[in-house]
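> Sharing a structure, written as C-alpha cells. Questions coming.
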Amino acid sequence: AMPRGGMLTVSTSNLLVEGNLAAKQGVTPGKYVCVAVQDTGHGIDGSIRERIFDPFFTTRERGVGTGLGLASVYGIVKRHGGFVTVDSEPGRGAVFRLFLPASEKAVESRQPSPPPVKLLLGSGTVLLVDDDVVVRDTCRSWLLRLGYRVLEAGSGREAIDIFRANADEIDLVVLDVVMPGIAGMEVFSTIRSLSPGQKVLFSTGCDVGQELEGLDREANVGVIDKPFRMMELAESVKSLIER
C-alpha cells in the first residue's frame, strides 16, 4: 500500500522453475513467465505475511475493501498451474511475483476477427448473488440481454430472504462462493433445505476446490470460474436451466 503515493513498477521475465522451488510450490518444473509488481509503500509485517492470501483478510479499516483481491489473484494463478510469492519488509515496500507456466506454442499471426457469435438466449428467472457490486451489475446486464428475469442479492442473508419469498419462480441461483457474513455454501445448504431440487451455479474467483469437490457432478449444480465472459455465463446458465 502507498497511502502517500510512490512508485509502482511492473516487469516481466522468463524463468526456469525446478528443484526445491517447484517442489515447495507444488508445481510442474519447467519454463515460467514471471510478472513482478513492486511498490515503494510501507511494506508488510512478517506477522501477517502468511495470511495476506486468505479470503477476507485485510488490514484496512472496516468498510474499506473486502479482503478478496489477493485471494482472487492467488486462486486464478493456482488454477492456471502457477504460484505467487511475496517479498516484503516493513518500510521497504513489497514485491509480488506471479509465476505462470510458459506456453511452448509458436505465436500465431493475427487472424481476421471472427464473425460475431450469436448469443445463447434463454428464459426464466435467475437469482444472482454476489457481494461485489461491479460483478453483480455486469452479470445482471448480461443476463437481461440474454433474456432472463433477474433478482439480485448483495449478501447471503439477502439471498436467503429473496429465495424464501420467490422460491416458486426461481429457475436458477447464480451463487458467489466466498462472501462475508453468510458464505455461499451456507446459502446453498439453506436453499436446498427449502427446495431440494433447486438448480445452483456456483461462481468463484478464489481457490475453494475442497468446498466444491463433488458438487459439480450433481445433476442440478454447476461451477463457473471467475473471471468469465458473457458467452461462458450464457452457456452455463442455459445448459443448467435446461437440464
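The values are calculated or read from the model by the stated rules, or taken from the named source; none is laboratory data. Owing to the predicted nature of the structure, the values given are computational and were not obtained by experimental measurement. Note: ideal-geometry Cβ built from the backbone for every residue, glycine included; neighbour counts use all protein chains shown.
> Just for strands (runs of 3 or more DSSP E) wholly inside segment 8-100: which have at least 1 residues that are within 17 Å of Lys226 (Cβ to Cβ) and modelled with pLDDT of 90 or more? Lay out the reasoning, then the answer.
Working: elements: 8-17, 30-39, 83-88.
Filter on segment 8-100 gives 83-88.
> Also: When residues of segment 116-151 are filtered for being farther than 13 Å from Met231 by Cα and in a loop (DSSP other than H, G, I, E, B), how many remain?
Total meeting the criteria: 7.
> Starting from segment 99-110, take each residue that is assigned by TED's automatic domain parsing to the domain that holds Thr28 and list its partners that are surrounded by 10 or more Cβ atoms within 10 Å (Cβ to Cβ) and of a type in the set (S, T, N, Q), counting only C-beta distances under 6 angstrom and pairs at least six apart or across chains.
Filtered contacts from segment 99-110: no entries.
> If you take the residues of segment 190-215 that are in a helix (DSSP H, G or I), closer than 22 Å to Val135 by Cα and of a type outside the set (A, V, I, L, M), which of them is modelled with the lowest pLDDT?
Restricting to residues being in a helix (DSSP H, G or I), closer than 22 Å to Val135 by Cα and of a type outside the set (A, V, I, L, M), the top hit is Gly209.
> If you don't mind, there's one more thing I want to ask. What's the number of the only condition in (1) modelled with pLDDT under 85; (2) of a type outside the set (A, V, I, L, M); (3) within 17 Å of the chain's Cα centre (by Cα) that Gln111 fails to meet?
(3)
> Looking for something touching a strand residue (DSSP E or B) at 6+ places or on another chain (Cβ under 8 Å), buried (at least 18 other Cβ atoms within 10 Å of the Cβ) and of a type in the set (Ser, Thr, Tyr) - is there at least one such residue anywhere in segment 121-142?
No: zero hits.
> If I filter segment 164-177 for residues that are over 21 Å from Glu242 (Cβ atoms), of a type in the set (Asp, Glu), out of contact with any Ser or Thr (no Cβ under 8 Å at 6 or more places or on another chain) and surrounded by fewer than 15 Cβ atoms within 10 Å (Cβ to Cβ), do I get at least one hit?
From segment 164-177, those over 21 Å from Glu242 (Cβ atoms) are 164-165, 176-177; that's our starting set.
Applying the additional criterion that residues be of a type in the set (Asp, Glu) yields 176.
Now narrow it down to the ones that are out of contact with any Ser or Thr (no Cβ under 8 Å at 6 or more places or on another chain): none.
No, segment 164-177 contains no residue that is over 21 Å from Glu242 (Cβ atoms), of a type in the set (Asp, Glu), out of contact with any Ser or Thr (no Cβ under 8 Å at 6 or more places or on another chain) and surrounded by fewer than 15 Cβ atoms within 10 Å (Cβ to Cβ).
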